[in-house]
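Reading through the structure tokens given below for one structure.
FYI, it's all coordinate maths here, none of it is from the lab. Keep in mind that this is a model prediction, so the values were computed, not measured. Methodologically, a virtual Cβ is constructed for each residue, glycine included, from the backbone with ideal geometry; neighbour enumeration extends over all protein chains shown.
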Amino acid sequence: MKNKSLTVIVACLIFTVSSQAQPTPFTNSSAFFSAITASNYTETFDSIPDGGFGFASPTNFAGNGFSFTAETGAGNFLGINTPPDQWLSTFDVTFIRFTNFSLNTTAIGGNFFATQFNESYTNTSVSVTATFADATSFTTNYLPAGPTTFFGLTYNTNITSLTISNVAPAAEFMTANNLTVGVVPEPSTYALLGLAAAGLAGYVIRRRRA
């Protein structure tokens, strides 16, 4: 029984390392935060200007040792929703792209959805495309259940961009909230744990055979 338990531990650790060979998507915020280190930064966008004629794109954000730039395809950004819970949206129907991430950013997640001209949530599919420093790319389309629907990605290489856009030509405005950037634990950490577990398993087996 002990041998089987140790084998399971080793297998799980090996799977954790190999699973980082491709970007890993998350639709559960708790699972996402469990997969990254405690060193992360969430931009709530609650301090952005509300309404009016919006504010200029691109705009830089920073906190807790992380930084990134938000840009839109045309016109300005627009802060919408009822303060103090501001959402980052667009003044024109276009995409939102996050770029210029600090070099320690290997995880990103948040609430990505579409809003109508009257600034309310609309039931529209969103396309998310991410690129990474090793030329890997990831694209998915999904239909948010509401403005609190979560989507995130982790990878073992720095993220270079994340773009949200309409899946098809439409009159919806891309919107984001609670954007979190962070760090995935080094794969070497998992590898060392795997080697330690494998060594322990071998030791137990030798003991049982002695």
> Cα centroid distance between the stretch 43-62 and the stretch 108-185, in Å?
Replying inline: 17
>> For the pair T157/N60, report the inter-label distance in nm, with labels modelled 7 Å from Cα in the Cβ direction.
In response: 2.6
> In whole Hz, what ³J(HN,Hα) sequence does the stretch 21-37 give by Karplus (6.51, -1.76, 1.60; θ = phi - 60°), x for Gly and Pro?
Replying inline: 5, 10, x, 9, x, 10, 10, 10, 5, 5, 5, 4, 5, 6, 8, 10, 6
